[in-house]
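**Q** Below you will find the structure I want to go over with you.
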Amino acid sequence: MLAAIPYFALGVYNLQVPGLGSLPIDPWATLVAIGFVVALELARHRGLRMGIDPRDVVDGAVFIAVSAFFMAHVVTVLAYHPERLAEDGIWSLLKVWEGFSSYGGFLGAILATVIFFRWIRPRPFWRFADLIAFGFPFGWLFGRMGCSVVHDHVGKKTDFFLAMDFDHGLFGAGDPAPWADGVRHELGMYEAMFMVPVAAAFWLLGRKDRPPGFFAGLFAVVYAPVRFGLDELRNTDLAWADARYYGLTPGQYGSLLLFLAGAAVLATRDWRGFRPWALDGSPEQGEPRGAEE
C-alpha cells in the first residue's frame, strides 16, 4: 500500500445562542443545505438567462427537494432495511431523519418534477426539468461531501491509496473510529471527487442552450455506471452492510434503470430540429406556457 488518507470526521457542533441555549449544527445537514442553495441558484440563474420566471424554478425546486427527501427515506426502509418496517411498522416510514437512499431520492425527484411541471404548474416539461438537472451535480457535490465527513458509506477493506485509514486519525489519534477497522474505501468521498469534473463539464456545456432534456439524460448516463461500480466496493462485514438481492445492491438495480432512462431521453431529443434559445434574458423565446416539448 502506497498510502492512505488518515481518518477525519466532523461531529455535531453545539452553537451557544444567548437566550436560547445550545443549537446543534449537523455537518451533513449543513453541507446538504448548502448544496441545495447552490444548485437552486445555478438553476435560477440559468432560467433568468432564458427569460424564464424564477418563481417557477424556485417553487418547483423546493417541491422536488421535499419530495425527494421523503422518498429517499421510504426507499431506505423498504429496500435497504426492511426489518425496520417489521419492528416499528408505519412509524419507520415517518422517521424521515433515519437514513436516506440516493436512488430513492432520485425516484422522488423524478416523480415530483412530473407532478409539479405537468399538473401543479404546467410548463414545458423538459425545459424546466433540464433547469433542475443542470444545477444538480453542483448540489450533489456538497451532499456527498457531507456523506464523506460523517462516513455514511464506508466500503470494503483495500490497499487503494485514496482509501481511508480508520485505525489512525489525521492528528495521530489511535483507533479514532472503533466502529470500522483497517483501510477502507470511503465511497462518499469518491463520489464527491467524481462530481468535480461532472460539475465542471455541466458548467462548460451550459454556456450554450441545449436540447431540453439534455442535462437530465447526460447526468443519468454519466452517473449510473460509476455508481454501479462504486456499489461493488460497499462493505459486507460491518453492522450496517447494505441488503443485496441476487448479488446486487438496490443502488445497482437503480443504476441500471437510471442508465436506460437517461439513454432513452438522449436518444429521443430533437437534435436536428432544435433551435437554441439566446441566453441573454430575452423572454418568450419558445413555446407558450403549458405547451409540451
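Bear in mind that the values in this text are calculations on the coordinates, not laboratory data. Not measured: the values here are computed from a predicted model. Counting neighbours? That spans all protein chains shown, and the Cβs are built from the backbone with ideal geometry, glycine included.
**Q** I'd like the distance separating the alpha-carbon centroids of region 95-118 and region 181-201, in whole Å.
**A** For region 95-118 versus region 181-201, the Cα centre distance is 22 Å.
**Q** Determine the relative contact order of region 22-267: mean sequence separation of Cα pairs under 8 Å and six or more apart, normalised by residue count, in whole percent.
**A** 20
**Q** Just from its helices, what would the mean residue ellipticity at 222 nm be for the chain, if runs of 4 or more DSSP H residues each count -39500 (n - 2.57) and the sum is divided by every residue, rounded to the nearest 500 deg cm²/dmol?
**A** The helix contribution divided over the chain gives -17000 deg cm²/dmol.
**Q** With each pseudo-label sitting 7 Å past Cα toward Cβ, what's the Leu85-Tyr245 distance in nm, one decimal?
**A** 1.0
**Q** Ok, one more. Got the relative contact order for region 1-130 handy, in percent, Cα pairs under 8 Å and 6 or more residues apart?
**A** 19
**Q** What distance in nm separates the two pseudo spin-label positions at Arg121 and Ser22, each 7 Å out from Cα along the beta-carbon direction?
**A** Result for the modelled spin labels: 4.0 nm.
**Q** Give the Rg/Rh ratio for the chain, taking Rg as the radius of gyration of the Cα atoms and Rh as the Kirkwood radius, to two decimals. Write down the numbers at each step before the final one.
**A** On the way: Rg = 20.7 Å, Rh = 20.6 Å.
For the chain, the value is 1.00.
**Q** Can you pull out the trypsin sites (Lys or Arg not before Pro) in region 13-121 that DSSP calls coil and that have at most 14 other Cβ atoms within 10 Å?
**A** Sparse-neighbourhood loop trypsin sites (Lys or Arg not before Pro): Lys95.
**Q** List the residues of region 195-231 whose backbone N lies under 11 Å from a point placed 7 Å from the Cα of Gln285 along the Cα-to-Cβ direction.
**A** What the label zone holds, given the 11 Å backbone N cut-off, is 207-211.
**Q** Further question: With label points built 7 Å along Cα→Cβ from the Cα atoms of Ala9 and Thr268, find their separation and express it in nm.
**A** A separation of 4.5 nm, rounded to one decimal place.
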